[in-house]
Structures are given as structure tokens and as C-alpha cells.
Amino acid sequence: MLYLNHLSILILVKSMFSKQEITNPTKLEAVEIFDQAYETQMAGNYDKAIELYKESIEIYPTAEAYTFLGWAYSFKGDYDIAIAECLAAISVDPSFGNPYNDIGSYLIAKGNYFDCKRWFKLAMKAPRYEARAFPHFNLATVYEKQGKLIEAAKHYGLALEEQPNYAQAYKALRNIQGKLN
């Protein structure tokens with residue numbers, strides 16, 4: 001989620017857990033703690049957020065909680081732990097797309113521009129993923145860094161197809177078009 005703004009994340013969090021649809025009281029308790037963890041993380045208290053995400057997982061493990069636990073670790077620069085938490089998320093629910101994109105983003109943060117591509121492509125194929133523009137944008141960024149401008153332009157364009165008002169993708173695509181002309 002290195003390329004995901006806070007507003008998009010808030011929308012994503014609200015869409016992941018609809019409390020009206022949760023009938024299991026244990027899961028509802030875990031989701032309420034997850035919400036506290038997210039708010040704590042957004043306030044910049046990563047250590048406390050990590051504790052709360054772990055508490056949520058202990059009560060009722062969800063792919064969302066593992067993914068956001070990994071994201072909290074990434075804020076601390078602990079990318080290997082973040083990747084491990086995303087892998088745990090995938091083991092809970094392989095259809096959830098966020099951890100695939102996040103693993104790719106953490107690999108970029110570690111300077112690995114080769115292995116990240118696989119993870120972005122898996123995110124694009126995930127059945128349960130609300131933010132499909134982001135793995136396209138992330139993959140385009142990798143292709144651009146590698147000098148593969150046609151591939152970069154393609155994926156910036158696909159990001160815009162998924163999210164037409166994605167200003168960062170629009171600017172990046174225009175920049176690539178300028179380089180190609």
C-alpha cells in the first residue's frame with residue numbers, strides 16, 4: 001500500500017467490514033478492536049496499533065487484520081515482518097487482494113524490483129479486491145524504473161480505467177507519453 005492515500009484506505013477499511021453483516025459475536029468483537037487498531041495507527045502510534053491488531057487476530061483471525069498488521073510494521077520499516085503478516089493474511093483468505101499488493105510494495109521498499117512484479121499481478125487477479133488501480137500503478141512504476149516505458153504506460157492506463165480520477169496515475173501516464181514522443 002505504498003501507493004495508497006489515506007482517504008482510499010479509509011474507504012477500503014469501511015468497505016471491508018460491514019458490522020451489520022457480521023452475525024458472529026466473536027468476529028464482531030475482533031472487528032471492533034481492528035477499528036481501534038486502525039485509528040491508533042492513523043494517529044501514528046504504531047506499537048499500540050500492532051498490539052491491537054494482534055489482539056483482534058487472537059480473537060478472530062481475518063485476512064484484513066493480518067494485512068493491516070503488516071502495514072503497521074511497514075510504517076516502522078520492518079518489511080520482512082510486514083511480508084510475513086501478509087503471507088499469513090493470504091493463508092487465511094487467498095481471495096483477498098490487498099496483501100498481494102502490499103507484498104509487492106514492501107519488496108519495492110527493500111529494493112527488489114524483480115520479485116515485486118509477481119505479487120502485483122496476483123493482486124490484479126484476486127477476486128476480493130476493491131483497489132484494483134493500485135497494483136497497476138505500482139507495476140507501472142516498476143516498469144518505468146526499468147526503462148520499459150510502453151509497459152509502464154499500459155499499466156498507468158489500466159490504473160486509470162479502474163479509477164478514472166486517479167490523479168497520480170494520470171500525471172505519471174502524461175509523463176511517460178512525453179518521454180515516448
**Request:** Restrict the check to the range 155-172 and report whether at least one residue is outside any helix (DSSP H, G or I), over 21 Å from N98 (Cα atoms) and outside the structural domain of Y106 (by TED's automatic domain parsing).
**Result:** no
**Request:** Just give me the residues in the range 54-71 being farther than 18 Å from Y100 by Cβ and of a type in the set (A, V, I, L, M), in sequence order.
**Result:** I57, I59
**Request:** Mind telling me which of the residues A123, A72, A63, A49 ends up being more than 23 Å from A140 (Cα to Cα), crowded, with 21+ Cβ neighbours inside 10 Å and either in contact with a Pro (Cβ under 8 Å, 6 or more places away or on another chain) or assigned by TED's automatic domain parsing to the domain that holds Y156 (or both)?
**Result:** A63
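Residue by residue, here is whether (1) more than 22 Å from L173 (Cα to Cα); (2) outside any helix (DSSP H, G or I); (3) of a type outside the set (G, A, S) holds:
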{"residue": "A88", "(1), (2), (3)": "yes, no, no"}
{"residue": "S91", "(1), (2), (3)": "yes, no, no"}
{"residue": "P94", "(1), (2), (3)": "yes, yes, yes"}
{"residue": "I108", "(1), (2), (3)": "no, no, yes"}
{"residue": "F114", "(1), (2), (3)": "no, yes, yes"}
{"residue": "K117", "(1), (2), (3)": "no, no, yes"}
{"residue": "L122", "(1), (2), (3)": "yes, no, yes"}
{"residue": "H136", "(1), (2), (3)": "no, no, yes"}
**Message:** Of the conditions (1) assigned to a helix (DSSP H, G or I); (2) within 20 Å of Q163 (Cα to Cα); (3) of a type in the set (A, V, I, L, M, F, W, C), A131 satisfies every one except a single condition; which number is it?
**Reply:** (1)
**Prompt:** Scanning for something assigned by TED's automatic domain parsing to the domain that holds Y60, under 17 Å from the mean Cα position of the chain (by Cα) and surrounded by fewer than 13 Cβ atoms within 10 Å (Cβ to Cβ), does the range 92-101 turn up at least one residue?
**Reply:** yes
**Asked** Just a yes or no: is a residue in the range 24-38 among the small types (G, A, S) and modelled with pLDDT under 95?
**Response** yes
**Request:** Collect the residues in the range 145-160 that are out of contact with any helix residue (DSSP H, G or I) (no Cβ under 7 Å at 6 or more places or on another chain) and touching a residue at least 12 places away in the same chain (Cβ under 8 Å), keeping them in residue-number order.
**Result:** K145, Q146, I150, K154
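The values are calculated or read from the model by the stated rules, or taken from the named source; none is laboratory data. Since the model is a prediction, treat every value here as computed from it, not as a measurement. Counting neighbours? That spans all protein chains shown, and the Cβs are built from the backbone with ideal geometry, glycine included.
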